[in-house]
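Quick notes on the structure that follows.
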Amino acid sequence: MQSGKAIMTQEEIDLVFGIEHIIPAETKRSKRASIIQNINLEYRTKYEKDLIIRIQNPDYSRFFLYKSNP
C-alpha cells in the first residue's frame, strides 16, 4: 500500500485477500471480483456506498488500482 494513501495494486489486494497463490490469472481475477463484490454488498447495506472502488492505473491502463472509500 502506498504510504499515507488507501490505494492498493492488484498484487497488494491479492495478498490482503490471501489469493496471491491462485493460478491461473483469470481465476484469481474472478475470485478478487467476488470478494470485493461481497465486501461492498455488506458495506453498502450499512453505509449506502461501496467500500472498495476499482480505478484504472494511470501508469498501466490494462491494470487497476483499488481505493478504499470509508
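Count the lysine pairs in the chain whose Cα atoms sit under 22 Å apart, keeping only pairs 8 or more residues apart in sequence or on different chains.
Details: 5/49; 5/67; 28/67; 31/49; 31/67; 46/67; 49/67.
Count of close lysine pairs: 7.
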Check your understanding: How many percent of Cα pairs in the chain exceed 17 Å?
Key -> 44
**Study point:** the chain - percent relative contact order, Cα under 8 Å, separation 6 or more
**Key:** 31
Practice item. Ignoring everything but the protein chains, give the 1.4 Å probe accessible area of residue 34 in square angstrom, nearest 10. Key: 50
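Measure off, as a whole percent, the carbon and sulfur share of the 1.4 Å-probe accessible area of the chain, all protein chains present.
Details: 2840 of 5340 Å².
C and S atoms contribute 53 percent here.
Using the beta-carbon distance between residue 42 and residue 63 and R0 = 25 Å, what value does 1/(1 + (r/R0)^6) give for FRET efficiency, to the nearest 0.05? List each step's numbers first, then the result.
Numbers: r = 26 Å, r/R0 = 1.04.
My answer for the efficiency is 0.45.
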**Study point:** Histogram of C-alpha separations across segment 29-70, 5 Å bin width, %
**Key:** 6, 23, 26, 22, 15, 6, 2
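Largest first, what is the accessible-area ranking of 17, 63 with a 1.4 Å probe? Could the numbers behind the result be given before it?
Values: 17 45, 63 90 Å².
Sorted descending by solvent-accessible area, the residues read 63, 17.
The values are calculated or read from the model by the stated rules, or taken from the named source; none is laboratory data. Here the structure is a predicted model, which is why all the values come from computation and not from measurement. As a convention, Cβ positions derive from the backbone with ideal geometry for all residues, glycine included, and neighbour counts pool all protein chains shown. Side chains included, ligands, DNA and RNA excluded: accessible areas come from the protein's heavy atoms. Shrake-Rupley method; radii C 1.70, N 1.55, O 1.52, S 1.80 Å.
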